[in-house]
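This report concerns only the one structure given below.
The values are calculated or read from the model by the stated rules, or taken from the named source; none is laboratory data. These figures come from a predicted structure and were not determined experimentally. Don't worry about glycine lacking a Cβ; one is built from the backbone with ideal geometry, like all the others, and counts go over all protein chains shown. Each accessible area value is taken on the protein alone, full model and side chains, heavy atoms only, with ligands, DNA and RNA left out. Shrake-Rupley method; radii C 1.70, N 1.55, O 1.52, S 1.80 Å.
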Amino acid sequence: MKKLHIKKGDTVYVNAGNDKGKTGKVLSVDPKADRAVVEGINMVSKHTKPNSKQPQGGIIKQEAPIHISNLNLIDPKSNKPTRVGYKMDGDKKVRYAKKSGEEIK
């Protein structure tokens, strides 16, 4: 399995596409396809049949996956997009923001 610079729960900045400049929280990550679902980003309309959850059916808006290369992690210190680095903290490998050097939780 691939190692990605973004994990579920991270706050990310969109640097390409229709939602360029927006930020959101990562809801899920698919390492095989190199894609992530981000809250409020890449919204698509989905046509649904009536069922027990949606008795009316109709068109619903939901997030679609966006490619990982179009996302940058938000620096916890400056709230600006940053690249991610890895370093060893004792015997643990931790992520850190390249801009500020701050460790990412």
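Among residues that are more than 18 Å from Lys105 (Cβ to Cβ), basic (Lys, Arg), at pLDDT below 95 and open to solvent by 50 Å² or more (accessible area, probe 1.4 Å), Lys2 is included. Checking Ser45, Ser78, Ser28 one by one, the residue that is among the hydroxyl-bearing types (Ser, Thr, Tyr) and assigned to a loop (DSSP other than H, G, I, E, B) is Ser78 and no other.
Residues checked against (1) in contact (Cβ under 8 Å) with a residue 40 or more places away in the chain; (2) of a type in the set (S, T, N, Q); (3) out of contact with any Gly (no Cβ under 7 Å at 6 or more places or on another chain):
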position	(1), (2), (3)
Ser52	no, yes, yes
Gly57	no, no, yes
Ile74	yes, no, yes
Ser78	no, yes, yes
Val84	yes, no, yes
Met88	no, no, yes
Asp91	no, no, yes
Ser100	no, yes, yes
Lys105	no, no, yes
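For Lys99, the test of being touching a Lys or Arg at 6+ places or on another chain (Cβ under 9 Å), basic (Lys, Arg) and in a loop (DSSP other than H, G, I, E, B) is passed. When the residues of segment 67-84 are filtered to those that are surrounded by 14 or more Cβ atoms within 10 Å (Cβ to Cβ) and of a type outside the set (A, V, I, L, M), the one that is modelled with the lowest pLDDT is Pro76. What pairs can you find where one residue is in segment 8-20 and in a strand (DSSP E or B), the other is hydroxyl-bearing (Ser, Thr, Tyr), and their Cβ atoms are less than 9 Å apart, with a gap of 6+ or different chains? Final answer for the pair search is Thr11/Thr23; Val12/Thr23; Tyr13/Thr23; Tyr13/Thr82; Val14/Thr23. Scanning segment 18-51 for residues being among the hydrophobic types (A, V, I, L, M, F, W, C) and under 14 Å from Lys7 (Cβ atoms) gives a total of 6.
Scanning segment 47-57 for residues that are under 28 Å from Asn18 (Cα atoms) and surrounded by 11 or more Cβ atoms within 10 Å (Cβ to Cβ) yields Thr48, Gly57. All conditions in (1) assigned to a strand (DSSP E or B); (2) over 18 Å from the mean Cα position of the chain (by Cα) hold for Leu73, with the sole exception of (2).
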